[in-house]
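In what follows, a single structure is set out as structure tokens and then discussed.
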Number of protein chains: 2
Amino acid sequence: MIDKKGLLIVISGPSAVGKGTICKELIKRNIENLEISISATTRKPRYNEVNGVNYHFISKETFESMVQQGEFLEYAQVYDNYYGTPKKYVIDRLSEGKDVILEIDIQGAKQVRENYKEGIFIFIMPPSYKELKNRIMKRGTEAQKDIEKRMKCAYEEIKQAEYYNYIVVNDDLYSAVEKIYCIITAEKCKLNRYHIDLSEFKEELL
Amino acid sequence: MIDKKGLLIVISGPSAVGKGTICKELIKRNIENLEISISATTRKPRYNEVNGVNYHFISKETFESMVQQGEFLEYAQVYDNYYGTPKKYVIDRLSEGKDVILEIDIQGAKQVRENYKEGIFIFIMPPSYKELKNRIMKRGTEAQKDIEKRMKCAYEEIKQAEYYNYIVVNDDLYSAVEKIYCIITAEKCKLNRYHIDLSEFKEELL
């Protein structure tokens, strides 16, 4: 008998490493039972955004009261808005047997680790320092000073990799996505998800 | 920096579960660096068998002296002949970065567990009691009494599954092979194979 409960797969890594692209590709593969978590936010929906699809749009009051009640797996304030992952939403999906992908930054992943130890934590690693710098510069909006600041931040973030279960180097999109698919598939074959049931044998033998 | 040492993948399970077919299919997929271990035996080569390809054919004296020296990962005597997995051969391949598949019975896997704890132990599980019985009967050569004996043996063997790292149910050949491929790929992404090296960052930042 195999454990039907879904897996929470946390995908994190320094900014500009390509987490978002990897997750989009992963979802495109239509892997059975795999879905991406939907965050809650207090920011206003943009014209093409749908409540419950892109985000759960909630009021600041609701958000703050949920924080008080410990109802987030992780949350953060970005300028004037809050963003977070509602615990109940994720736990319900896992109970239904869905595997849930959470794409978050290093700080968020740390909070999830404290709130949901059974998660599978995957750190996306840049192929090199140089390549990460290229990717940050390609995003184009950054001044030299900001790039340096981001690189220093990445240095601190990469130190956190030792708290993760798996490291996936993003040297090639296809290969990184394939590795994450494999990690999910392998985790489902782990002994602790399998309850060895010999009763069927016993009945026939005894 | 990623650990270049290969993985020893032990594939075991009750007789007639389909281990051999799974391993043949796995090798057909031409997975990079993956190869199957070659056993040593004291039996005479058949007309189409090649030394060092099908088996390492060695004399009884050599085999027994190797047993004395603890030079096998596992071995067994079957009627008048010995079969075993030479430790040095496997360790050399792993050092060269090859991943080595070992397809063996439950007793052999137990010996490997004692001699090489770092191995990845995969238990191939029949989809059901009934299906295993069908497969044993399909092999055709067995009398009713022998089938019962084999089923009782399978019952004892399946109890050993709890000592393995992964359980793969062989309900479908393609899916079982895919799962083993994923297990190997995922194991290579595990944190303990990855040495986080920040020196490259440091040089540029400090």
Discussion item. Considering only residues that are in contact (Cβ under 8 Å) with a residue 60 or more places away in the chain and surrounded by 13 or more Cβ atoms within 10 Å (Cβ to Cβ), which ones fall in the range A:133-149?
Written reply: A:135, A:136
Worksheet entry | In the range A:17-36, the residues that are away from every other protein chain (no Cβ under 14 Å), open to solvent by less than 20 Å² (accessible area, probe 1.4 Å) and part of a loop (DSSP other than H, G, I, E, B) | A:18
Worksheet, complete the sentence: (1) out of contact with any helix residue (DSSP H, G or I) (no Cβ under 9 Å at 6 or more places or on another chain); (2) at pLDDT 95 or above all hold for residue B:53 apart from (2)
Discussion item. Tell me whether the range A:144-165 contains one or more residues that are at pLDDT 95 or above and under 21 Å from residue A:35 (Cβ atoms).
Written reply: yes
Fill in: Options B:130, B:152, B:117: the member that is surrounded by fewer than 18 Cβ atoms within 10 Å (Cβ to Cβ), free of Cβ contacts under 8 Å to residues at least 40 places away in the same chain and within 16 Å of the chain's Cα centre (by Cα)
B:117
Response to the item:
Of the candidates A:186, A:161, the one satisfying the condition of being within 19 Å of residue A:106 (Cα to Cα) and surrounded by 14 or more Cβ atoms within 10 Å (Cβ to Cβ) is A:161
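Out of the residues in the range B:1-22 that are of a type in the set (Gly, Ala, Ser) and farther than 30 Å from residue A:124 by Cβ, state the one that is nearest to the chain's Cα centre (by Cα).
Per the stated criteria, the residue is B:12.
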Worksheet item: Of all residues in the range A:57-80, which are modelled with pLDDT under 95 and either within 18 Å of residue A:45 (Cβ to Cβ) or of a type in the set (D, E, K, R) (or both)?
Response: A:78, A:79, A:80
Worksheet item: Of the residues that sit in the range A:75-114 and are loosely packed, with under 15 Cβ neighbours inside 10 Å and of a type in the set (Asp, Glu), which one is farthest from the other protein chains (Cβ to nearest Cβ)?
Response: A:80
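Please pick out the residue among B:72, B:63 that is surrounded by 15 or more Cβ atoms within 10 Å (Cβ to Cβ), more than 11 Å from chain A (Cβ to nearest Cβ) and farther than 27 Å from residue B:27 by Cα. Write out each step before concluding.
Values: B:72 fails: farther than 27 Å from residue B:27 by Cα.
None of the other options fit; the residue is B:63.
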Worksheet entry | Residues of the range A:127-155 satisfying the condition of being of a type outside the set (Phe, Trp, Tyr) and facing chain B (nearest Cβ under 10 Å) | A:128, A:130, A:132, A:133, A:148, A:151, A:152, A:154
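Which of the residues belonging to the range A:164-183 are more than 9 Å from every other protein chain (Cβ to nearest Cβ) and open to solvent by 20 Å² or more (accessible area, probe 1.4 Å)?
A:171, A:172, A:173, A:174, A:175
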Practice prompt. Can you tell me which residue within the range B:37-60, out of those that are among the β-branched types (Val, Ile, Thr) and open to solvent by 40 Å² or more (accessible area, probe 1.4 Å), is nearest to residue B:103 (Cα to Cα)?
Written response: B:53
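The values are calculated or read from the model by the stated rules, or taken from the named source; none is laboratory data. Note that the structure is a prediction, hence the values are computed from the model and not measured. Neighbour counts run over all protein chains shown; Cβ positions are idealised from the backbone, glycine included. When the accessible area is computed, the model is the full protein with side chains, heavy atoms only, and any ligands, DNA or RNA have been set aside. Shrake-Rupley method; radii C 1.70, N 1.55, O 1.52, S 1.80 Å.
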